[in-house]
Amino acid sequence: MVKELDPKKLKEYDKVVGNLESTYINDFFKLDDYDFEIFSTIRYDPLLVDLETFTKILNDVDNSIDNSNLFFLFDEHFHRICFSLQFFKWNFKLTRAQFLKKLNESLAPLNKSNSYRIKVIVSKRGEVKIMVTDTPQRFNLMDGFNTLANYASPFWSVYVDTAPIHISPFTSLKTSKRDEYNKARHRVLPEPDTYGIPQEVLCFNTANQITEGSITNIAVKGFDEKTGEQRWYTPVLSSGCLCGVVRHMLLTKGLIKEKQIYLKDLRRDEEILLFNGLVGVVKGRIVN
């Protein structure tokens with residue numbers, strides 16, 4: 001389970017929040033003019049715990065066991081929602097216990113041996129809605145880090161956008177206002193092919209800096225200037241990319257590093273990593 005953000009990382013995020021507020025909200029955005037909701041998409045998966053633990057949780061009729069480990073990066077999702085509430089200055093708070101209770105209530109009538117996609121939607125009035133749908137099981141949510149020979153998941157086809165997105169608080173934080181991403185997908189993604197290959201569009205800002213995918217954060221290969229070793233790099237938060245839950249977890253564990261990535265740095269057929277709170281980490285290949 002991922003712990004709370006450490007003070008150093010919180011300080012970095014506070015600096016980004018300050019920059020966003022002064023650049024976007026104070027100068028360009030009047031948030032009262034926008035009708036939107038905060039949301040987060042969470043993966044429920046019994047494979048996240050061992051069989052003994054899962055059995056204990058299933059038999060816990062009094063709900064005395066904290067079962068948050070069944071929700072992929074539960075605490076990351078909770079912290080991001082709270083962070084967003086604070087950023088947008090919505091005048092209410094959500095506790096960890098309330099959040100976990102809402103998730104468990106949504107799963108109460110379902111078969112808990114299956115995996116589910118849980119969309120949590122929080123309104124400005126403090127209403128919390130939950131939408132649950134089936135999602136395929138994944139036996140290794142970090143599969144994208146495997147070698148090609150050991151990679152068992154589909155390769156995503158990644159198309160580079162043909163126009164820049166305009167970064168704002170709605171690209172840095174996860175909300176229902178997804179106009180920029182919807183336009184990007186409409187611009188460049190072809191119709192789904194008959195083989196059902198998952199598709200993603202890679203976005204960039206007006207400075208030609210790569211930001212993220214339309215539904216994922218991303219990382220590309222590069223060389224560490226100090227060691228000369230090859231590493232995975234993800235765009236910096238100041239590019240306008242989403243504060244993704246998997247992105248933060250991978251940074252915390254040292255599996256990726258932050259770096260400014262430019263459009264000119266990309267190559268056709270290049271292997272990249274895509275990650276979000278539902279699929280974990282998968283491989284993608286730039287096809288245009």
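We did not get these values from a lab; they are worked out from the coordinates using the rules stated. Because the structure is predicted, anything quoted here is derived from the model rather than measured. Methodologically, a virtual Cβ is constructed for each residue, glycine included, from the backbone with ideal geometry; neighbour enumeration extends over all protein chains shown.
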Item to check | DSSP-loop chymotrypsin sites (Phe, Trp or Tyr not before Pro) across the stretch 162-212, with at most 16 other Cβ within 10 angstrom | outcome: Tyr195
Next on the checklist: Here are a few candidate values for Kirkwood radius over Cα pairs in Å: (1) 20.0; (2) 19.3; (3) 21.4. Which one was actually calculated from the structure I just gave you?
Outcome noted: (1)
Checklist entry - Counting pairs of Cα atoms in the stretch 146-210, how many percent are more than 20 Å apart? => result 41
Checklist entry - Expressed as a rounded percentage, what relative contact order does the stretch 34-134 have, with Cα pairs under 8 Å and six or more residues apart? => result 40
Next on the checklist: With a cap of 13 neighbouring Cβ atoms within 10 Å, and only residues DSSP puts in a loop, list the trypsin sites (Lys or Arg not before Pro) found in the stretch 190-235.
Outcome noted: Lys226
Checklist entry - Which whole-number percent is the relative contact order of the stretch 143-286 (Cα, under 8 Å, 6+ apart)? => result 29
Checklist outcome for this item: When Asp35, Asp60 are ranked with the fewest other C-beta atoms within 10 Å first, the list becomes Asp35, Asp60
Item to check | Fewest-first ranking of Ile81, Ile218, using other Cβ atoms within 10 Å as the exposure measure | outcome: Ile81, Ile218
Item to check | Extended-chain gain in nm, criterion 0.36 nm per residue less alpha-carbon gap, Glu105 and Phe92 | outcome: 2.6 nm
Item to check | Relative contact order computed over the chain (Cα-Cα under 8 Å; 6+ residues apart), in percent | outcome: 19
Item to check | Selection of GluC sites (Glu not before Pro), the stretch 225-265, meeting DSSP coil and at most 16 other Cβ within 10 Å | outcome: Glu225, Glu229
